[in-house]
1. If you scan region 149-162, which residues turn out to be surrounded by fewer than 16 Cβ atoms within 10 Å (Cβ to Cβ) and either of a type in the set (Gly, Ala, Ser) or at pLDDT 95 or above (or both)?
2. Taking region 97-120, which residues are more than 14 Å from residue 141 (Cα to Cα) and more than 12 Å from the chain's Cα centre (by Cα)?
3. Would you check which residues across region 140-190 are in a loop (DSSP other than H, G, I, E, B), over 19 Å from residue 47 (Cβ atoms) and of a type outside the set (S, T, N, Q) and list them?
4. Is it true that residue 118 is exposed (fewer than 15 other Cβ atoms within 10 Å of the Cβ), under 19 Å from residue 40 (Cα atoms) and touching a Lys or Arg at 6+ places or on another chain (Cβ under 8 Å)?
5. Which pairs turn up if I take residues in region 83-99 that are assigned by TED's automatic domain parsing to the domain that holds residue 65 and free of Cβ contacts under 8 Å to residues at least 24 places away in the same chain and look for partners that are outside any strand (DSSP E or B) and surrounded by 14 or more Cβ atoms within 10 Å (Cβ to Cβ) with beta carbon separation below 8 Å, at least 6 apart in sequence or on another chain?
6. Residue pairs, Cβ under 6 Å, 6 or more apart or interchain, first in region 184-199 and under 19 Å from residue 154 (Cα atoms), second modelled with pLDDT under 65 and not hydroxyl-bearing (Ser, Thr, Tyr). List them.
7. Of the conditions (1) modelled with pLDDT of 95 or more; (2) outside any strand (DSSP E or B); (3) within 21 Å of the chain's Cα centre (by Cα), residue 59 clears all except one; give me its number.
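The values are calculated or read from the model by the stated rules, or taken from the named source; none is laboratory data. What you see is a predicted model; the values in this text were computed from it and never measured. Methodologically, a virtual Cβ is constructed for each residue, glycine included, from the backbone with ideal geometry; neighbour enumeration extends over all protein chains shown.
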Amino acid sequence: MKANRRWFLGITVLLLPLLTFSIAKGDQEETKVRWDIIHFTSRTPPTVEAGGRSSALAEDMSKITLTGSGTFVVGDSEEVTGGGTWEVRDRGGNLTGSGTYRVTRLVRFDVAPGRPGPALVDRIGNVADSRAGLAYLRIRYSDGSQGILVVSCQLLTSPGSIFEGITASKGFVDFWSRSGPDGTLFHVVPESEDHLDRD
């Protein structure tokens, strides 16, 4: 009996941290997050709104420019909304394609360290709910092609290794070099607003 009790206690001690981690992770995975490509409507004070445009370059200097916003639920890859517009121009600035896109799946999201500047005026959500981070979203373009949209947000105290803006793939082309001009922002959606969205 004593051997069995020791074995049970030993297993419990080993598994307790795993159970605690799973519960904490489960709480985090129910979090709903809004993403936006933003623009600054004022620099004094710095004021952000939705409706920005952000671009990235391919190897041949062709450029994709996107607008967009949406939501996803961390831990539920199918619980996504949103999209925006896209256009591609060659290195000479000639339009080679345009349309809309929609988000079809969350591939991955990681929250990053960082906080907004104290003077930031946030016209998208509560500034206290803003987050830095990196999201990979699977998207479908209106011309039938598919790709990945990478949304990266760097806040005031974020590490310098985090970039601000977007990159994207479209079919076999990877627009891997972000070029601005506008940025991005994540917001945790409060439970009260989340319930309103579902009603």
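1. 159, 160, 161
2. Of region 97-120, the ones more than 14 Å from residue 141 (Cα to Cα) are 106-120.
Answer for region 97-120, where residues must be more than 14 Å from residue 141 (Cα to Cα) and more than 12 Å from the chain's Cα centre (by Cα): 113, 114, 115, 116, 117, 118, 119, 120.
3. 143, 144, 159, 160, 162, 163, 171, 172, 176, 189, 190
4. Judged against the criteria, residue 118 is not a match.
5. Hits for this filter: 85/67; 85/68.
6. none
7. (3)
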